[in-house]
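A short worksheet on the structure shown next.
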Amino acid sequence: MSVSAAMSDTEGLIASGADARLIHLAEILEESLDYVATTDLYGQILYANRAFRDRFGLHTIDGIASESYSLFSFFTEHSRDDFMRDAVPQLWHGGRWTGEVDAIDPTDPSGRRSSCHSRRSPISVPMASRRSSPGSPATSHH
């Protein structure tokens, strides 16, 4: 739905300039029902949209900025191992990977972060790496 709204409003956005387009695209990303996150090369989350934050108990963007969350902390140990073995080489060499990981919910029913991971679910994960220069990925987009 958001993509259709963005496409139908493109003419107005072009007239409003690049800043208005970027703001509009950021709003679409934030409202997406897909889990969207960006990380640095080490898996530290730089941005997570509302769907991702709600699913994993990170309730504010400011909370992500002030804390150091690793994307891998939301994977089961087995999924982390598989990801490092299968996905990282593909992201490094080809820039893309699609697979499935078992995600864990690091919150208890009250919404507080907990060390007891009770909820696990498979999540389809398409990834792409953005390169800062030829041959060196800068960040990964999930």
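What is the residue count in region 51-76 for residues that are at pLDDT 85 or above and more than 22 Å from ARG120 (Cβ to Cβ)?
Going through region 51-76 one residue at a time, the tally reaches 0.
Based on what the data block shows, is SER129 in the same structural domain as LEU46 (by TED's automatic domain parsing), at pLDDT 50 or above and under 22 Å from ARG53 (Cβ atoms)? So that I can check it myself, show each step before the final result.
On the way: in the same structural domain as LEU46 (by TED's automatic domain parsing): yes; at pLDDT 50 or above: yes; under 22 Å from ARG53 (Cβ atoms): no.
So SER129 fails the test.
The values are calculated or read from the model by the stated rules, or taken from the named source; none is laboratory data. Here the structure is a predicted model, which means the values were calculated and not measured. Note that each Cβ is placed from the backbone with ideal geometry, even for glycine, and that neighbours are counted across all protein chains shown.
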